Amino acid sequence: MQIDVTADTLKLAQVFTISRGSRTEAKVLTVRVTEGVVTGWGECVPYARYDETLESVTAEINGLPDNFTRAALYDLLPAGAARNAVDCALWDLEAKRAGKRVWELAGLTAPGPEITAYTLSLDEPEAMRAQAAKHSYRPLLKIKLGTPDDMPRLEAVRAGAPDATIIIDANEGWSAEVYADLAPHLVRLGVALVEQPLPAGDDDALLGMDRPVPVCADESCHDRASLPGLKGKYDVVNIKLDKTGGLTEALALRDAARAEGFDVMVGCMVGSSLAMAPATLVAQGAKVVDLDGPLLLAEDRDNALKFDGAGVHPPAAALWG
């Protein structure tokens, strides 16, 4: 088994800003796993929030043994970006060797398109209103917030897109007091979901707090081991393959979360269609799908995912799986 890791830089269509900072490009790692004449591939996005860098994740992958199974990978690498790219590459390799699609190998029903959110970058209120108006035809908009002055931004987005469903991602940027103050206004403005309002280390404050709008765990939820600590705080969990460490754990987390009474959101880092492709399988029937990474790019992979009025479509075999 030969594993090759390359770093790729993808230009964004415009500056992308969240409460933790701005960027103009997405830095990803592409992993190719070859056995004989067959190669499977996957993509991951090392994330500084989880102390990951391109170099550290590459070193994790390069430290793997010469031969192992996808099942063994679970014990060789922790949940995170490195395991994600390798896991997804192994799924792709298995599918190509078997002449089948990944969902067949996984025992899943054939996937279809799912409506996906489109993310509006954090900006001044008027700029966010203009963004919202430009994308008001989309059924689901996601707003990046997480500052002490978010109400004018939220009001501006609602004015720009009066008919769209709105979800909010605070990226751990609020305090319990700010969230409690904003909650009635979220209801008034028709917000459907709030992602990670409080820092992951401070989210015990959500225990016993009224949640008039469903609250989703993002930074607080990584894999199945996270679930016991989320009870009583969250209504929804956001499954991202770069957090779970691949499709294998993402599917297991989805089933476990639903069994525990959580609704499911499937999200992404900012990456290409290759990164989103396996996530489309997890996204089937999810309460919220947020796989808009390719829509934020100025360039994408060949055989890119199809986005249209029906949402994001599952990948063609020429891309992945």
Check your understanding: What angle, in degrees between 0 and 90 and rounded to the nearest 10, separates the Cα long axis of helix 125-134 from the longest principal axis of the Cα atoms of the chain?
Key -> 60
**Study point:** Sparse-neighbour loop sites [trypsin sites (Lys or Arg not before Pro); segment 196-280; at most 15 other C-beta within 10 Å; DSSP]
**Key:** K231
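Students often check this: by mean Cβ neighbours within 10 Å, which of 27-35, 133-141 ranks highest, and how do the rest follow?
The densest-packed peptide leads the list: 27-35, 133-141.
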Practice item. Please work out how much accessible surface R70 shows to a 1.4 Å probe, ignoring ligands, DNA and RNA, in Å² rounded to 10. Key: 60
Revision key, fill the gap. The answer for the net charge of residues other than A98 whose Cβ lies under 12 angstrom from its Cβ, with Lys and Arg +1 and Asp and Glu -1, is +1
Exercise for review: With a 1.4 Å probe and all protein chains in place, put E60, E114 in order of accessible area, largest first.
Suggested key: E60, E114
**Study point:** Long pairs among K96/K287; K27/K240; K144/K231, criterion Cα-Cα beyond 19 Å
**Key:** K96/K287; K144/K231
Practice item. First select every other residue whose beta carbon is under 9 angstrom from the beta carbon of L29; then total the charges, Lys and Arg +1, Asp and Glu -1. Key: -1
Check your understanding: Considering only protein heavy atoms and a 1.4 Å probe, what is the carbon-and-sulfur percentage of the accessible area of the chain?
Key -> 50
Review point. Mean residue ellipticity at 222 nm from the helices of the chain, using -39,500 (n - 2.57) per DSSP H segment of n ≥ 4 over the full residue count, to the nearest 500 deg cm²/dmol?
Key: -9000 deg cm²/dmol
**Study point:** Per-selection Kirkwood Rh - segment 96-136 (Cα, Å, 1 d.p.)
**Key:** 13.8
Practice item. Could you please state, rounded to a whole Å, how far the C-alpha centre of segment 190-224 is from the C-alpha centre of segment 74-140? Key: 21
Exercise for review: State the dimensionless ratio Rg/Rh of segment 170-289 (Rg: radius of gyration of Cα atoms; Rh: Kirkwood radius).
Suggested key: 0.97
Exercise for review: Rounded to whole Hz and in sequence order, give me ³J(HN,Hα) for segment 77-82 from the Karplus expression 6.51 cos²θ - 1.76 cosθ + 1.60, θ = phi - 60°, writing x for Gly and Pro.
Suggested key: 9, x, 4, x, 5, 4
**Study point:** Per residue accessible area in Å² of the chain, where ligands, DNA and RNA are left out and the probe is 1.4 Å
**Key:** 40
Study note, to complete from the structure: Going residue by residue through segment 184-197, the Karplus relation 6.51 cos²θ - 1.76 cosθ + 1.60 with θ = phi - 60° gives ³J(HN,Hα) values, rounded to whole Hz and with x marking Gly or Pro, of x, 6, 4, 5, 4, 8, x, 6, 9, 6, 10, 8, 6, x
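The values are calculated or read from the model by the stated rules, or taken from the named source; none is laboratory data. Values in this document were obtained by computation on a predicted structure and should not be read as measured data. Using ideal geometry, Cβ is built from the backbone for each residue, glycine included, and neighbour counts are taken over all protein chains shown. All accessible areas refer to the heavy atoms of the entire protein, side chains included, with ligands and DNA or RNA removed. Shrake-Rupley method; radii C 1.70, N 1.55, O 1.52, S 1.80 Å.
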